[in-house]
Each structure stands twice: as C-alpha cells, then as structure tokens.
1. Sort out which residues of region 1-19 are loosely packed, with under 15 Cβ neighbours inside 10 Å, farther than 15 Å from K62 by Cα and under 11 Å from the mean Cα position of the chain (by Cα), and write them in order of number.
2. Please give the number of the condition H38 fails out of (1) at pLDDT 95 or above; (2) surrounded by 11 or more Cβ atoms within 10 Å (Cβ to Cβ).
3. If I ask for residues that are acidic (D, E) and over 13 Å from M1 (Cβ atoms), which ones from region 39-68 would you list?
4. Examine region 55-69 for a residue that is part of a strand (DSSP E or B), modelled with pLDDT of 90 or more and surrounded by 14 or more Cβ atoms within 10 Å (Cβ to Cβ), and state whether such a residue exists.
Amino acid sequence: MDICIGGIFDGQKIENDNDFFKIEEHYSDNSSKYIKQHFHLFGQIFSFWVCEDVDLSQAIRKAESILKMKNENI
C-alpha cells in the first residue's frame, strides 16, 4: 500500500524503495521522518509509511481504518 500514517504526508501514497525517508516543509521548521512498517492485518501483509511521531498502536488502528475504507470502495 505504501500509504503514510501521520506527519506531513498523512494519507498520501509514497513509492520509495528505502526503509525510511525524511521530508521538510519549505519555509517552516516542520519535518516528518517516515519508517516503513509491515503489518499483518486481515490475513495479509501490508506496508505503510509510519511517521516517527505516531505510536505503534495508533498506527495499527489507522492502517486497519484505511484497509476497511478501501474494501468498502471496491
């Protein structure tokens, strides 16, 4: 999936082959560091970019919510 959870890119899909990346907003001190996380949800493995400011339990809940919304739209 490669959807970002939290931070500047929350909800956006980012294609990147690295294990992490950092993005900074222009003209601001805001930045977000994302780490690739793999979650085993609903019997499958999905990858998400999780902002370092988001705790794991919050990231799992958000990932489940994203997956449920995707399934409803199919």
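The values are calculated or read from the model by the stated rules, or taken from the named source; none is laboratory data. Predicted model only: the values in this text are computed from it and were never measured. Glycine gets a Cβ as well: all are built from the backbone with ideal geometry, and neighbour counts include every protein chain shown.
1. I14
2. Just one mismatch for H38, condition (2).
3. Passing the criteria: E52, D53, D55.
4. The answer is no, given that none of the residues of region 55-69 is part of a strand (DSSP E or B), modelled with pLDDT of 90 or more and surrounded by 14 or more Cβ atoms within 10 Å (Cβ to Cβ).
Okay, residues lined up against (1) in contact (Cβ under 8 Å) with a residue 40 or more places away in the chain; (2) β-branched (V, I, T); (3) not in a loop (DSSP other than H, G, I, E, B):
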{"position": "C4", "(1), (2), (3)": "yes, no, yes"}
{"position": "F9", "(1), (2), (3)": "yes, no, no"}
{"position": "D17", "(1), (2), (3)": "no, no, no"}
{"position": "K36", "(1), (2), (3)": "no, no, yes"}
{"position": "W49", "(1), (2), (3)": "yes, no, yes"}
